[in-house]
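Below: the structure, in structure tokens.
The values are calculated or read from the model by the stated rules, or taken from the named source; none is laboratory data. Since this is a predicted model, take the numbers as computed values, not measurements. Cβ sites come from the backbone with ideal geometry, for glycine too, and all protein chains shown count toward neighbours. When the accessible area is computed, the model is the full protein with side chains, heavy atoms only, and any ligands, DNA or RNA have been set aside. Shrake-Rupley method; radii C 1.70, N 1.55, O 1.52, S 1.80 Å.
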Amino acid sequence: MSESTAASSPKPFLRTLAGEAVWPPPVWLMRQAGRYLPEYRATRETAGGFLDLCYTPDLAVEVTLQPLRRYGFDAAILFSDILVIPHALGQDVAFREGEGPVLEALKDEADLARLDIGRVLDHMRPVFETVSGLSKAIPETTALIGFAGAPWTVATYMIEGGSSKDFATTKTWAYGRPDLFGRLIDTLVQATGDYLIAQIDAGAEAVQIFDTWAGALPEADFMRWVADPIGRLTRRIQAERPGVPVIGFPRGAGALYPRFIEETGVTAVGLDTSVPCDWAAEVVQPKAVTQGNLDPIHLVVGGEALDAATDHVLATLCGRRPHIFNLGHGIVPRTPPDNVARMMERIRNAPRPTDV
């Protein structure tokens with residue numbers, strides 16, 4: 001897809017990524033398909049385990065479409081998980097109720113040597129079938145987003161064996177054995193690039209790279225282990241699939257957002273909830289399209305607090321420069337579906353700022 005094609009697209013999401021300040025702004029939500037929807041919970045019960053749901057194309061297509069039917073979002077995002085990459089590389093991955101992801105943690109060079117990049121694309125065939133099915137099923141004004149986890153964040157799960165509060169073991173690798181950690185990152189850059197390009201070939205019109213734990217690193221290591229790998233992925237996609245937008249989400253990057261954009265060359269950046277909207281409008285928006293950053297808990301609370309928070313994002317980030325309305329992180333399971341509908345109605349009916 002060329003930039004001119006995106007600019008003339010009937011899809012507001014793609015026109016925004018091409019640089020147009022679309023009004024009202026396009027909307028989608030991270031984790032928009034998930035446990036807050038009763039229809040999702042019903043579908044998941046038929047799938048068995050969570051990974052079974054990710055790898056069953058008919059069911060993955062269904063849960064991706066469910067929030068579109070309810071809310072008319074401007075983009076669908078592939079239903080999957082960032083940990084399918086280590087699973088595809090041969091690492092044991094399980095999702096346990098009430099515990100989250102559990103992996104057989106990498107401990108040494110021998111564990112690293114057992115990762116098999118040659119099996120990734122074949123392992124992911126059901127995911128590509130899901131993307132292909134979605135590209136045919138979504139409305140003509142709805143864009144399709146593919147995604148993957150960023151190498152740094154995926155590496156933390158592979159080394160810690162799951163979630164972590166301080167990432168101490170991963171940082172010990174990164175700081176104390178950068179040669180070994182660099183080999184893991186290189187493996188993830190190659191596997192993730194193959195995976196994203198195959199999603200594009202199956203029908204994804206844009207891709208998002210989630211670096212959920214980017215904010216855990218100090219500046220120099222952020223540039224080395226967050227910005228550089230995402231930059232390598234972005235440049236590969238731009239070279240091999242020109243015109244396909246890349247959205248980076250370096251959660252917790254704070255003041256490093258501008259450098260992240262400069263170093264990676266991403267088309268757009270997702271702003272987490274901690275980013276001040278006024279600062280983003282002044283410093284970040286001149287450098288890239290922005291996306292975000294409503295606090296997911298405002299969707300839980302609803303009412304006037306939700307209205308005011310929605311209006312603040314609209315007033316500060318939308319209308320003047322291209323912005324995609326989203327959350328600052330994923331929607332949480334206890335979100336009342338009616339609150340999402342309330343937010344959508346407010347965005348769709350909002351008057352454009354008069355000083356645009």
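Annotations
- Just one of the listed residues (ASP179, ASP201, ASP166) is over 26 Å from ARG119 (Cα atoms), of a type in the set (D, E, K, R) and either open to solvent by 50 Å² or more (accessible area, probe 1.4 Å) or touching a His at 6+ places or on another chain (Cβ under 8 Å) (or both), namely ASP166.
- Among the conditions (1) under 30 Å from VAL27 (Cα atoms); (2) part of a loop (DSSP other than H, G, I, E, B), LEU106 misses just one, which is (1).
- The stretch 284-308, subset of a type in the set (Val, Ile, Thr) and closer than 25 Å to LEU14 by Cβ, residue farthest from the chain's Cα centre (by Cα): VAL284
- Test: residue in the stretch 318-326 that is in a helix (DSSP H, G or I), of a type in the set (Phe, Trp, Tyr) and touching a helix residue (DSSP H, G or I) at 6+ places or on another chain (Cβ under 9 Å): no
- 2 or more residues touching a Lys or Arg at 6+ places or on another chain (Cβ under 7 Å): qualifying helices (runs of 4 or more DSSP H) within the stretch 164-267: 178-202, 257-264
- When residues in the stretch 240-261 are screened for being out of contact with any helix residue (DSSP H, G or I) (no Cβ under 6 Å at 6 or more places or on another chain), open to solvent by 40 Å² or more (accessible area, probe 1.4 Å) and within 20 Å of ILE82 (Cα to Cα), 0 of them pass.
- Contact map, the stretch 113-138: residues that are of a type in the set (Phe, Trp, Tyr) paired with residues that are in a helix (DSSP H, G or I), Cβ distance under 6 Å, separation 6+ or inter-chain. Pairs shown: PHE128/ALA198; PHE128/ALA202.
- Matching option when the condition is closer than 23 Å to GLN32 by Cβ, of a type outside the set (D, E, K, R) and out of contact with any strand residue (DSSP E or B) (no Cβ under 9 Å at 6 or more places or on another chain), among THR267, THR335: THR335
- Of the listed requirements (1) among the polar types (S, T, N, Q); (2) closer than 30 Å to VAL313 by Cα; (3) open to solvent by 30 Å² or more (accessible area, probe 1.4 Å), THR264 misses just one: (3).
- Only one entry in GLU282, GLU345 is out of contact with any Lys or Arg (no Cβ under 9 Å at 6 or more places or on another chain), without any contact (Cβ under 8 Å) to a residue 60 or more places away in the chain, over 26 Å from GLU39 (Cβ atoms) and open to solvent by 10 Å² or more (accessible area, probe 1.4 Å), namely GLU282.
- Residue match in the stretch 171-191 (condition: without any contact (Cβ under 8 Å) to a residue 24 or more places away in the chain and of a type in the set (Ser, Thr, Tyr)): yes
- Of all the criteria given as (1) open to solvent by 10 Å² or more (accessible area, probe 1.4 Å); (2) in contact with a Gly (Cβ under 8 Å, 6 or more places away or on another chain); (3) assigned to a strand (DSSP E or B), the one not satisfied by LEU144 is (1).
- Candidate set: the stretch 307-342, residues that are more than 28 Å from ALA18 (Cα to Cα) and without any contact (Cβ under 8 Å) to a residue 40 or more places away in the chain; chosen: the one surrounded by the most Cβ atoms within 10 Å (Cβ to Cβ): ASP307
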